[in-house]
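Colleague: Starting off with a structure, shown below.
The values are calculated or read from the model by the stated rules, or taken from the named source; none is laboratory data. Just so we're clear, the structure is a prediction, and the values are computed from it rather than from any experiment. Positions of Cβ are generated from backbone atoms using ideal geometry, with glycine treated the same way; all protein chains shown enter the neighbour counts. Calculation scope for accessible area: heavy atoms of the full protein, side chains included, ligands and nucleic acids excluded. Shrake-Rupley method; radii C 1.70, N 1.55, O 1.52, S 1.80 Å.
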Amino acid sequence: MKKTPKTTKTVKTAKENFPEDARKRVVVERVRPEIDAGRYPIKRTVGEKVVVTAHVFTDGHDRITAHLLHKAKKEDTWMETAMEPLGNDVWESAFTPAVQQPYEYTVEAWIDRFGSWRADLVKRVDAGQDVAGELLEGAALVSEAGRRASGADQKALHAAADALSSERPQKERIAIALDEKLADRVSRYPDRSRATRYDRILAVTVDRIRARYGAWYEMFPRSAGPDPNRSATFLEAESRLPEIAAMGFDILYLPPIHPIGKSFRKGPNNALTAGPNDPGSPWAIGSEAGGHKAVDPNLGTLDDFRHFVEAADRHGLEVALDIAFQCSPDHPYVKEHPEWFRHRPDGTIKYAENPPKKYQDIYPLNFESDDWKGLWTELKSVVEFWIEQGVKIFRVDNPHTKPFRFWEWLIGEIQKKHPETIFLAEAFTRPKVMYGLAKGGFTQSYTYFTWRNTKQELTEYLTELTQTEARDFFRPNFFANTPDILHEYLQTGGRPAFQVRLALAATLAASYGIYSGFELCENRAVHGTEEYLDSEKYQIRAWDWDRPGNIKDLVARVNRIRRESPALHANDRLRFYTTDNDQLICYAKTTEDLSNIILVAVNLDPHHLQHGWVQVPIDELGIAPGEPYQLHDLIGGDRYLWHDAWNYIRLDPMVSPAHIFRVRRKIHSERDFDPFT
Ligand SMILES: O=P(O)(O)O[C@H]1O[C@H](CO)[C@@H](O[C@H]2O[C@H](CO)[C@@H](O)[C@H](O)[C@H]2O)[C@H](O)[C@H]1O
């Protein structure tokens with residue numbers, strides 16, 4: 001007879017270096033979106049979904065339950081949603097921030113012991129095996145869940161556990177074990193004592209909707225009057241508001257409105273000397289009349305500015321101001337805070353530059369000065385000052401020539417108190433630097449759009465912006481022109497070139513803008529440059545806003561299409577379609593539920609008619625092969641009935657170089673096609 005040992009040997013473990021989470025068998029990794037290992041928040045607007053994926057797996061064949069956890073940062077309790085397996089151990093779920101405040105999310109997963117047991121039971125039952133032992137195991141699991149439950153659930157779980165371990169016929173007990181209601185009840189009381197929580201809590205900046213979508217119009221208020229020999233005032237500029245509003249813009253952006261320095265003032269066309277009546281560049285901020293918190297007396301008073309902001313608001317326009325942290329030599333800071341500037345050995349201050357551009361009329365600030373805290377605090381107070389005047393949107397000049405840390409601090413501090421504030425980064429520089437600014441807090445960013453003109457350039461660039469991780473932190477704002485950039489395409493392409501670039505900017509990006517004069521197709525440049533001839537940057541202009549050849553009606557129409565088309569209010573569902581002609585670009589944007597489908601086709605050649613075939617991936621749009629669908633051109637009004645994937649397009653730039661189609665599905669036969677509805 002075998003001897004049974006009286007005692008079991010205890011293995012000495014005290015000196016072993018065991019991991020703390022040794023019995024957490026589930027691995028949670030690659031939670032996305034995640035920016036730089038969670039160093040920076042992703043960006044969303046109120047009501048915009050955050051779709052989260054994670055790689056979640058365990059050893060063996062046990063089933064897993066994974067939950068997405070999210071909450072407003074200031075709350076203590078996580079909200080949970082079950083993640084769904086997409087296959088290949090990738091899991092997904094989503095949440096939608098409802099309030100404009102910072103949110104957080106992470107993922108937690110654990111072994112689904114009851115689910116694993118149940119799946120195994122099904123296999124054994126299907127194979128006709130005896131499952132008496134399994135039913136006892138199941139009873140134990142259900143009973144454990146009962147101990148974690150309370151109230152009616154507790155009672156029901158204990159009753160089920162008793163039934164599973166009872167003497168009732170196995171068939172009956174199997175039916176109880178596999179009852180969906182039991183599975184559902186048990187799943188509400190899982191054993192999470194060994195759950196694995198992703199090792200990072202990830203952050204979401206939640207902005208107001210205007211941060212995602214809006215049409216910008218830039219204008220120099222001093223050129224809003226009838227006389228090129230004197231500055232227009234804010235009061236006169238108010239007369240422009242109805243027309244700008246009628247064109248359908250949402251945001252009215254003004255270059256700096258502060259007193260302009262006299263020293264080293266620039267003259268027309270960037271001349272290094274100015275005549276006595278030349279107004280100077282608005283970016284040369286500061287004179288004896290004041291600095292960044294003052295209004296240029298030629299434009300009026302602070303009260304006049306506030307009046308302008310209120311008048312704009314009545315027209316549905318939100319005023320955005322320029323923040324340019326630099327000083328004319330006449331700025332009060334230069335005398336009052338010489339320590340905020342970097343002095344050369346001879347005592348002079350070197351002027352600012354953004355190579356290869358030279359800005360001989362301004363001094364840069366020294367963000368590393370010994371009194372950097374004083375300087376940073378003062379600059380923050382500049383933003384706060386204009387917020388007090390009713391401004392909530394700032395276009396920030398040349399942010400890439402100031403430290404990243406400064407912007408992260410400034411934007412963070414301002415948005416803590418004023419979460420509605422929007423900062424647009426005007427940085428035209430290296431991609432990583434532009435992305436770095438966006439990660440650090442800039443709400444939106446200028447882009448390379450003005451220099452992307454061919455089908456390949458546009459497709460590659462937009463794919464990068466909308467299909468890579470950049471889409472989670474970099475919100476592009478497609479300005480079609482700026483006072484610094486009149487691209488050769490616009491200089492030489494005539495009116496169709498303006499129509500093309502308008503259609504592209506306004507439909508490719510949810511936020512886009514034009515600088516005034518675009519609607520007039522103003523295309524005269526300083527020879528061999530992208531600078532406007534007689535630029536408003538250096539002189540006052542008086543414009544004929546009704547001049548022949550203008551495209552104001554088209555601008556208004558396109559902005560109306562944007563407003564009425566939810567598909568154009570976001571960028572992430574942009575898809576390019578194949579065309580057999582490189583001068584024809586075609587793409588679509590859709591809402592998630594496909595209730596709004598906008599298909600855009602543009603002839604990129606402003607000089608010649610182009611035609612060709614476009615392939616519409618009808619399956620992605622929920623259209624069956626052969627099923628007719630209607631294309632309603634929201635620009636020209638025409639309607640077409642297409643039946644299949646490949647379709648013919650013909651665009652004459654002299655008529656209209658672009659179609660912006662609304663696609664209507666579920667037209668069951670040609671008889672249903674009413675070209676007039
Ligand atoms: O450097 P960027 O290309 O980003 O241009 C922005 O900043 C410039 C400096 O503020 C600004 O330049 C204009 O103002 C300067 C200062 O008065 C002046 O010397 C430049 O000639 C004039 O173009 C530019 O307009 C702005 O968009």
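Colleague: Out of the range 324-351, which residues are among the charged types (D, E, K, R) and not in a loop (DSSP other than H, G, I, E, B)?
Modeller: Lys335, Glu336, Glu339
Colleague: List the residue pairs whose Cβ atoms are under 8 Å apart, where the first residue sits in the range 17-41 and is open to solvent by less than 80 Å² (accessible area, probe 1.4 Å), the second is among the acidic types (Asp, Glu), and the two are 6 or more positions apart or on different chains.
Modeller: From the range 17-41, the pairs are Val28/Glu108; Arg32/Glu469; Pro33/Glu469; Pro33/Asp472; Ile35/Glu469; Ile35/Asp472.
Colleague: OK, next. Looking at the range 464-472, is at least one residue open to solvent by 10 Å² or more (accessible area, probe 1.4 Å) and among the small types (Gly, Ala, Ser)?
Modeller: No, the conditions are met nowhere in the range 464-472.
Colleague: Mind listing whichever residues of the range 346-399 are closer than 24 Å to Ala294 by Cβ, away from the ligand (no atom under 16 Å from the Cβ) and either over 32 Å from the mean Cα position of the chain (by Cα) or modelled with pLDDT under 95 (or both)?
Modeller: Ser369, Asp371, Gly374
Colleague: When you look at His307, is it more than 15 Å from the ligand (Cβ to nearest atom), open to solvent by 10 Å² or more (accessible area, probe 1.4 Å) and under 19 Å from Ser223 (Cα atoms), yes or no?
Modeller: yes
Colleague: If you go through the range 320-342 one residue at a time, do you hit one that is modelled with pLDDT under 95, on the phi < 0 side of the Ramachandran plot and surrounded by fewer than 21 Cβ atoms within 10 Å (Cβ to Cβ)?
Modeller: yes
Colleague: Checking the conditions here, which among Ala156, Ala163 is open to solvent by less than 20 Å² (accessible area, probe 1.4 Å), in contact with a Lys or Arg (Cβ under 7 Å, 6 or more places away or on another chain), of a type in the set (Gly, Ala, Ser) and not assigned by the TED database to the domain that holds Ala82?
Modeller: The match here is Ala163.
Colleague: I'd like the residue in the range 528-582 that is among the hydroxyl-bearing types (Ser, Thr, Tyr) and within 16 Å of the ligand (Cβ to nearest atom) and, out of all such residues, is nearest to Glu488 (Cα to Cα).
Modeller: Per the stated criteria, the residue is Thr529.
Colleague: Here's a follow-up. Has the range 235-250 got at least one residue that is within 16 Å of the ligand (Cβ to nearest atom), outside any loop (DSSP other than H, G, I, E, B) and either under 30 Å from the mean Cα position of the chain (by Cα) or not small (Gly, Ala, Ser) (or both)?
Modeller: Looking through the range 235-250, none of the residues is within 16 Å of the ligand (Cβ to nearest atom), outside any loop (DSSP other than H, G, I, E, B) and either under 30 Å from the mean Cα position of the chain (by Cα) or not small (Gly, Ala, Ser) (or both).
Colleague: Could you list, in sequence order, the residues of the range 95-127 that are under 21 Å from the mean Cα position of the chain (by Cα) and loosely packed, with under 15 Cβ neighbours inside 10 Å?
Modeller: Selection gives Thr96, Ala98, Val99.
Colleague: To continue, here is another question. Is it true that some residue in the range 166-185 is more than 16 Å from the ligand (Cβ to nearest atom) and either β-branched (Val, Ile, Thr) or under 17 Å from Phe308 (Cβ atoms) (or both)?
Modeller: Yes, there is a match, as at least one residue in the range 166-185 is more than 16 Å from the ligand (Cβ to nearest atom) and either β-branched (Val, Ile, Thr) or under 17 Å from Phe308 (Cβ atoms) (or both).
Colleague: Starting from the range 261-276, take each residue that is open to solvent by less than 70 Å² (accessible area, probe 1.4 Å) and among the β-branched types (Val, Ile, Thr) and list its partners that are assigned to a helix (DSSP H, G or I) and within 10 Å of the ligand (Cβ to nearest atom), counting only C-beta distances under 6 angstrom and pairs at least six apart or across chains.
Modeller: none
Colleague: Ok, one more. Can you tell me which residue within the range 280-303, out of those that are without any contact (Cβ under 8 Å) to a residue 40 or more places away in the chain and surrounded by fewer than 17 Cβ atoms within 10 Å (Cβ to Cβ), is farthest from the ligand (Cβ to nearest atom)?
Modeller: Among residues in the range 280-303 that are without any contact (Cβ under 8 Å) to a residue 40 or more places away in the chain and surrounded by fewer than 17 Cβ atoms within 10 Å (Cβ to Cβ), the one farthest from the ligand (Cβ to nearest atom) is Asp303.
Colleague: Right, something else. Quick check on my filter: what residues within the range 93-130 are within 30 Å of Arg23 (Cβ to Cβ) and assigned to a strand (DSSP E or B)?
Modeller: Ser93, Phe95, Glu104, Tyr105, Thr106, Val107, Glu108, Ala109, Trp110, Ile111
Colleague: Go through (1) touching a residue at least 60 places away in the same chain (Cβ under 8 Å); (2) within 16 Å of the ligand (Cβ to nearest atom); (3) in a helix (DSSP H, G or I) and name the single condition Val433 misses.
Modeller: Just one mismatch for Val433, condition (1).
Colleague: Kindly list the number of the only condition in (1) part of a loop (DSSP other than H, G, I, E, B); (2) within 24 Å of Arg650 (Cβ to Cβ); (3) among the small types (Gly, Ala, Ser) that fails for Ser595.
Modeller: (2)
Colleague: May I ask you to list the residues in the range 277-322 that are within 30 Å of Arg563 (Cβ to Cβ), outside any loop (DSSP other than H, G, I, E, B) and aliphatic (A, V, I, L, M)?
Modeller: Across the range 277-322, the qualifying residues are Val309, Ala311, Ala312, Val319, Ala320, Leu321.
Colleague: Against the definition (assigned to a helix (DSSP H, G or I), within 25 Å of Val56 (Cα to Cα) and of a type outside the set (Asp, Glu)), how does Gly133 come out, yes or no?
Modeller: no
Colleague: Restricting the search to the range 436-451, which residues are surrounded by fewer than 23 Cβ atoms within 10 Å (Cβ to Cβ), more than 24 Å from Ala203 (Cβ to Cβ) and of a type outside the set (Ser, Thr, Tyr)?
Modeller: Correct list: Trp451 only.
Colleague: Scan the range 349-366 and report the pairs whose first residue is in contact (Cβ under 8 Å) with a residue 60 or more places away in the chain and whose second residue is in a strand (DSSP E or B) and aromatic (Phe, Trp, Tyr), with Cβ atoms within less than 7 Å and a gap of 6+ or a chain change.
Modeller: Tyr351/Tyr359; Tyr351/Tyr363
Colleague: I'd like the residue in the range 510-527 that is within 16 Å of the ligand (Cβ to nearest atom) and out of contact with any Ser or Thr (no Cβ under 7 Å at 6 or more places or on another chain) and, out of all such residues, is farthest from Ile251 (Cα to Cα).
Modeller: Per the stated criteria, the residue is Val526.
Colleague: Okay, moving on. Output the residue which, of all residues in the range 480-493 that are outside any helix (DSSP H, G or I), open to solvent by less than 10 Å² (accessible area, probe 1.4 Å) and in contact with a helix residue (DSSP H, G or I) (Cβ under 8 Å, 6 or more places away or on another chain), is nearest to the ligand (Cβ to nearest atom).
Modeller: The residue in question is Thr482.
Colleague: Return a yes/no flag: does the range 553-564 have any residue that is part of a loop (DSSP other than H, G, I, E, B), at pLDDT 95 or above and either outside the structural domain of Leu486 (by the TED database) or hydrophobic (A, V, I, L, M, F, W, C) (or both).
Modeller: No - not one qualifying residue is present in the range 553-564.
Matching residues to (1) hydroxyl-bearing (Ser, Thr, Tyr); (2) out of contact with any Asp or Glu (no Cβ under 6 Å at 6 or more places or on another chain):
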residue: Gln583; (1), (2): no, no
residue: Ser595; (1), (2): yes, yes
residue: Val600; (1), (2): no, yes
residue: Asn603; (1), (2): no, yes
residue: Trp613; (1), (2): no, no
residue: Asp619; (1), (2): no, yes
residue: Gln630; (1), (2): no, yes
residue: Asp638; (1), (2): no, yes
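Colleague: Also: Considering every residue within the range 402-415, establish whether at least one is within 13 Å of the ligand (Cβ to nearest atom), outside any helix (DSSP H, G or I) and open to solvent by 10 Å² or more (accessible area, probe 1.4 Å).
Modeller: Among the residues of the range 402-415, at least one is within 13 Å of the ligand (Cβ to nearest atom), outside any helix (DSSP H, G or I) and open to solvent by 10 Å² or more (accessible area, probe 1.4 Å), which makes the answer yes.
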